[in-house]
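Following: one structure in structure tokens, then a few remarks.
A short reminder: the numbers here are calculations on the coordinates, not readings from a lab. Since the structure is predicted, the reported quantities are computational estimates derived from the model, not experimental observations. Methodologically, a virtual Cβ is constructed for each residue, glycine included, from the backbone with ideal geometry; neighbour enumeration extends over all protein chains shown.
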Amino acid sequence: MLVNATPSINTRRTLQIEDVGMVFPTKRGPFVALRDINLEVLRGEFVTLIGHSGCGKSTLLNLVAGLTTPSSGIMLLQERELTGPGPDRGVVFQNHSLLPWLSCLDNVLLAVDRVFSENEGKAQLRERALAALDLVGMSHAVAKRPHEISGGMKQRVGIARALAMEPKMLLMDEPFGALDALTRARLQDELMKIVATTGATVMMVTHDVDEAVLLSDRIVMMTNGPAATIGEVLRVDLPRPRVRVALAENRDYVQYRKEVIDFLYMRHSHVEKAA
Amino acid sequence: MGRALLDTPRDVAPPADTAPVRRVSVVAVDPAAKPAPAPREPFDWRGLGARVLPPLGGVALLIAVWALATQKSASFPTPLATFDAAVKLFSDPFYSNGPNDQGIGWNILFSLQRVGLGFGLAALVGIPLGFIIGRFTLFNRMLSPLISVLKPVSPLAWLPIGLLVFKSANPAAIWTIFICSIWPMVINTAVGVQKVPEDYLNVARVLKLSEWKIATRILLPSVMPYMLTGVRLSVGTAWLVIVAAEMLTGGVGIGFWVWDEWNNLNVAHIIIAIFVIGAVGLLLEWSLLAVARRFDYS
């Protein structure tokens, strides 16, 4: 199998997923959603999970987030076993999930407060939240409520909330899926900048091939469910900073793109072939 | 079973049947209905007329039918006679000639006090109870059947229990208000808690917020609109119940007053009381709607 195509002797491992499987009990017996998931994510690495809908990529991300517990296998975050959700993983939800009764600043503060309030005073916490909002270019809307800003802005605040906790890892579940194409492109570019400045380790779920190739160091391609697993891992060796316009004609980029499309539409377009 | 109970649409949805009535009265009474227009735009007389004239027409129609029907009746007062009685009644609303003869103002205030007490206690018990039922399936399953059985019981059936336990009329009336107005708050709060979006709870989980923070920052604001609908329904119920309860328990209060005037065969006063009770109920509803609007985050 091509799982772990790049065996790591590196000590900079941030996340290790070993033999993880997920079985959901249903009325018609157990449903195997994921099996034999083995994956390592290095510090500062940007990994995307891609696959057809229903392949369990979001399930895998939720497992790492601790929102669900795996049926088998173990997961380590910086050599410590994951047993549940925690602020060491910043989660960016697809629908932003900002609390509508709190201002942008208060939404971020809620997260900051949870992580740093033991050692820092009110002013420092506020400083952190403002810095996070500044990082995503939302300083102008600090006092606004989520319903007063656009979808793209909400997602920025969601990213700020996750980053402000200084998590070991950023988990993003199709963060730009609900945005229009132009907004999505702009946010992708900004995400690349933010990741470059913060050195964040990112695991992101997407179903957008271009997004995956543009952003990733590695693309984890998943087979179709049920009993989905990692089919292939594609290393994307494009130099950074990556510029969208220039990449469109880059031969490597086109090649990587083709490989993902081949995987998704030629080899794993049907469940029968994947099994 | 619990779900079936908690999804009873009558209690959950804001009462649609009162909406048109409310609209009509807002236009007729609320001075905000004729706001100062922008200086250059001509005043929209037609729009104002279209909103003000129909409600006035409705009232005029009622009075006309009433006047026609009572033309030859000796026992039922005409609109004019009722109006005269009302003018006399409201000219001195706060007189007091002993416990059985007090002004209509006092009667209303005493009733409001009972409603306030009974309803306040019901809120104090019902809202936390709703939170518990909504958050913990065990309690939901335990209490839902009981609520289903007790909810449809008429207020008057509770009164003897109150009289027995409290040995006095006034606490018994308050108890009746309490037990009848508690259910909408319990049920709506519970439904609100169950409908807190999963996303918000996931945020709480990934941030590992404390139970206190979850309650104050996520559950409470999220449940607030449901809770306030429950409160509104409860106040409405309480105001309905008070008249019946006071008729039986006596004392000073609008319900007792209606019964007293019936014994005096003063039908004009009964009609006035009906309008007064309606108006007070409407005011209660408005004030709670105003509160609810402040907590609407959508």
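Give the angle, between 0 and 90 degrees and rounded to the nearest 10, that separates the Cα long axis of helix A:251-261 from the longest principal axis of the Cα atoms of chain A.
70
Within the P(r) computed for chain B, what percentage of the Cα pairs occupies the region above 24 Å?
The proportion of pairs with Cα distances above 24 Å equals 63 percent.
Using Cα springs under 10 Å in a Gaussian network model of chain B, which residue among B:Thr189, B:Thr78, B:Thr216 shows the largest mean-square fluctuation?
Top of the fluctuation ranking is B:Thr216.
Assigning unit charges at the beta carbon (Lys, Arg +1; Asp, Glu -1) and nothing else, what dipole magnitude in debye, to the nearest 20, does chain B show about its Cα centre?
It works out to roughly 900 debye.
For the protein assembly as shown, give the share of DSSP beta bridges that are antiparallel, in percent and rounded to the nearest 5; count only bridges with both residues there.
55
Placing unit charges on C-beta atoms (Lys and Arg positive, Asp and Glu negative, everything else neutral), compute the dipole magnitude of the protein assembly as shown about its Cα centre in debye, rounded to 20.
Numbers: 55 positive and 49 negative charges, 26 e Å.
The calculation lands at about 120 debye.
Pop a pseudo-label 7 angstrom from the Cα along the beta-carbon direction at both A:Asn38 and B:Val149 and give the gap in nm to one decimal.
Result for the modelled spin labels: 6.0 nm.
Fewest to most neighbouring Cβ within 10 Å: what's the order for A:Arg28, A:Arg240, A:Arg145?
Ascending number of Cβ neighbours within 10 Å: A:Arg28, A:Arg240, A:Arg145.
Expressed as an acute angle from 0 to 90° and rounded to the nearest 10, what is the orientation of the C-alpha long axis of helix A:104-116 relative to the principal long axis of chain A?
With rounding to tens, the tilt is 80 degrees.
Between B:Gln113 and B:Leu164, 0.36 nm times their residue separation minus their Cα-Cα distance comes to what?
Full extension from B:Gln113 to B:Leu164 adds 16.2 nm.
For the protein assembly as shown, evaluate the Debye formula with one uniform point scatterer on each Cα (no solvent term) and list log10 I(q)/I(0) at q = 0.05, 0.11 Å⁻¹, rounded to two decimals.
Evaluating at q = 0.05, 0.11 Å⁻¹ gives log10 I(q)/I(0) of -0.36, -1.05.
Let me know the charge dipole size of the stretch A:99-166 about its Cα centre in debye, to the nearest 20, where only the beta-carbon of Lys, Arg (+1) and Asp, Glu (-1) is charged.
That gives a dipole near 240 debye.
Please find, in a Gaussian network model of chain B (springs between Cα atoms separated by less than 10 Å), the residue of B:Ile177, B:Ile127, B:Ile274 whose mean-square fluctuation is greatest.
The residue that fluctuates most here is B:Ile274.
Which FRET efficiency value, to the nearest 0.05, do you get for A:Thr69 and A:Arg186 by plugging their Cβ-Cβ distance into 1/(1 + (r/R0)^6) with R0 = 25 Å?
Here the calculated transfer efficiency is 0.10.
Convert each backbone phi in the stretch A:210-215 into a coupling constant with the Karplus relation 6.51 cos²θ - 1.76 cosθ + 1.60 (shift: θ = phi - 60°), then list the ³J(HN,Hα) values in order as whole Hz, x for Gly and Pro.
Once rounded to whole Hz, the list reads 4, 4, 4, 5, 4, 8.
I need B:Tyr200, B:Tyr297, A:Tyr265 ordered by Cβ neighbour count within 10 Å, fewest first.
Ordered from fewest to most neighbouring Cβ atoms within 10 Å, B:Tyr200, B:Tyr297, A:Tyr265 come out as A:Tyr265, B:Tyr297, B:Tyr200.
Please identify which residues in the stretch A:154-169 have an amide N closer than 19 Å to a label point set 7 Å out from the Cα of A:Ala178, following the Cα→Cβ vector.
From the stretch A:154-169, the list is A:154-163.
At 7 Å along Cα-to-Cβ for each site, give me the label-to-label distance between A:Thr197 and B:Lys88 in nm.
The answer from the label model is 8.2 nm.
Could I get the Rg over Rh figure for the stretch B:149-285? Both from C-alpha atoms, Rh via Kirkwood, rounded to two places.
1.16
For helix B:267-294, what angle does its Cα long axis make with the longest principal axis of chain B, in degrees from 0 to 90 and rounded to 10?
Once rounded, one gets 30 degrees.
Say each of B:Trp286 and A:Arg12 gets a label point 7 Å from the Cα, pointing the same way as Cα to Cβ; how far apart are those two points in nm?
It works out to 6.9 nm between the two label points.
Give me A:Lys193, A:Lys27 sorted ascending by neighbouring Cβ count inside 10 Å, so fewest comes first.
Exposure proxy ranking, most exposed first: A:Lys27, A:Lys193.
B:Tyr297 to B:Phe76: extension gain in nm, 0.36 nm per residue of separation minus the Cα-Cα distance?
74.5 nm
Under 10 Å, Cα contacts only: if you run a Gaussian network model on chain B, which one of B:Ser96, B:Ser222, B:Ser210 comes out with the highest mean-square fluctuation?
B:Ser210
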